[in-house]
Amino acid sequence: MEKFVINYTNTLPEIETGYKLFQRKYMLKRSIIFTVVYSIAAAIGIDFLVHSIMEGNYGNMPGYILLVIGLGMIFSTWARPYYARKKLMKTLESFGDEKYSAKFEDTRIVIDTEILPEYETETVAVTPNGVMTMDQDMEIPEEQKITHDKTKIELRSNTLDSMETNELFLLFLNRSLIYIFPKRCLAEEQINKIRAYFEDKNI
């Protein structure tokens with residue numbers, strides 16, 4: 001298949017939507033299973049307490065412990081993804097707008113930021129004004145420096161999956177990373193090429 005390149009940006013709402021879909025795809029089933037297990041534990045705790053109270057014993061500690069642990073873990077199971085998403089969005093708010101490019105090749109996809117040169121890496125700095133490219137004569141403390149690498153997604157050595165919505169193409173990498181390609185940045189021909197690429201590579 002002929003290689004092609006797209007240029008795009010990601011807005012915060014698009015990133016949040018993509019992350020929600022990522023969580024739904026890979027975490028929802030596990031959350032439901034854990035909820036069922038913890039609900040059983042809570043139900044056993046309630047059963048212990050009911051029987052104890054009927055017998056006049058209000059101090060059945062195992063029942064209280066099972067109930068509290070069960071309800072607490074149910075809350076944690078559903079709250080953690082929510083707060084993780086909010087924390088991610090809060091972190092991304094501090095970064096400035098960045099433009100990306102994605103080169104779709106036969107055996108890999110190479111994702112890069114526009115600020116990067118043709119070299120493999122570039123050093124930028126985290127400052128009160130956001131992330132900025134370092135000039136050679138800039139004096140930046142080492143703890144504020146970050147080295148960016150071009151992302152090379154090898155099709156044969158990674159577990160990949162994709163999803164298409166009305167607004168986005170989503171690429172899931174090893175069930176741990178997500179890349180978002182907004183259709184608003186793409187011509188109709190590019191949309192068709194990405195769709196065909198994912199189908200051709202069985203992604």
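Restricting the chymotrypsin sites (Phe, Trp or Tyr not before Pro) of the stretch 15-51 to loop positions (DSSP other than H, G, I, E, B) with no more than 15 neighbouring Cβ atoms within 10 Å leaves nothing.
Compare VAL5, VAL110, VAL68 by solvent-accessible area with a 1.4 Å probe and give them largest first, with all protein chains kept in place. Walk me through the numbers before you get to the answer.
Working: VAL5 75, VAL110 20, VAL68 100 Å².
Ranked list, largest accessible area first: VAL68, VAL5, VAL110.
Just reorder THR77, THR9, THR17 by solvent-accessible area, largest first, 1.4 Å probe, all chains present.
Values: THR77 10, THR9 40, THR17 65 Å².
Greatest to least solvent exposure: THR17, THR9, THR77.
Tell me the GluC sites (Glu not before Pro) within the stretch 1-53 that lie in a loop according to DSSP and have at most 16 other beta-carbon atoms within 10 Å.
On the way: sites: GLU2, GLU14, GLU16; in loops: GLU2.
Loop-located and lightly packed - GLU2.
When the residues MET73, MET89 are ordered by accessible surface, computed with a 1.4 Å probe over the protein chains alone, the sequence from largest down reads MET73, MET89. Given a cut-off of 27 Å, name the pairs among LYS3/LYS90; LYS90/LYS183; LYS90/LYS193; LYS25/LYS193; LYS3/LYS86 whose C-alpha atoms lie farther apart than that in the structure shown. Long pairs (Cα-Cα over 27 Å): LYS3/LYS90; LYS90/LYS193; LYS3/LYS86. One decimal place: the segment GLU189-ASN7 gains 64.2 nm when fully extended, by the rule 0.36 nm per residue minus the C-alpha distance.
Using a 1.4 Å probe on the protein heavy atoms only, what accessible surface does ASP161 show? Give it in Å² to the nearest 10. Counting only protein heavy atoms, ASP161 exposes about 50 Å² to solvent. Accessible surface of LEU177, taken over heavy atoms with a 1.4 Å probe and every protein chain present, rounds to 80 Å².
The values are calculated or read from the model by the stated rules, or taken from the named source; none is laboratory data. Just so it is clear, the structure is predicted and the values come from calculations on it, not from any experiment. Cβ atoms come from the backbone with ideal geometry, glycine included; neighbour counts cover every protein chain shown. We work out accessible area using only protein heavy atoms, side chains counted, and drop any ligands, DNA or RNA first. Shrake-Rupley method; radii C 1.70, N 1.55, O 1.52, S 1.80 Å.
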